[in-house]
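*Asks:* One structure, as structure tokens, below. Some questions next.
The values are calculated or read from the model by the stated rules, or taken from the named source; none is laboratory data. Keep in mind that what you see is a predicted model, and the values were worked out from it rather than measured. Here Cβ is always computed from backbone atoms with ideal geometry, including for glycine, and neighbour counts include all displayed protein chains.
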């Protein structure tokens, strides 16, 4: 399956658990988007996305965790990506 699977940035959904809230990071045709815990959407550069994710991945922030799913491996992630991209 990996041979036919797309590995481009727009295939991934990044979910960051922040305390009791959840933030999403994903890429659409125009670039990276952050959806805040309140549902607001912001355009972001790749550097801004990394600045948010790296502390969580390094484990230096309490109560913050990150998981990344690929739409080809997780049907729910694909549906969620399509839903998040609506309205932009």
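*Asks:* Please state which of the following conditions residue 21 fails to meet, knowing it meets all the rest: (1) free of Cβ contacts under 8 Å to residues at least 40 places away in the same chain; (2) surrounded by 13 or more Cβ atoms within 10 Å (Cβ to Cβ).
*Replies:* (2)
*Asks:* Which pairs have Cβ atoms under 7 Å, sit 6 or more apart or on different chains, and link a residue in region 53-65 that is under 18 Å from residue 37 (Cα atoms) to one that is part of a helix (DSSP H, G or I)?
*Replies:* 61/55; 64/56; 65/56
*Asks:* Being surrounded by fewer than 16 Cβ atoms within 10 Å (Cβ to Cβ) and modelled with pLDDT of 85 or more is the filter here; which residues of region 46-62 pass it?
*Replies:* Residues satisfying the conditions are 46, 47, 48, 50, 51, 54, 55, 57, 58, 59, 60.
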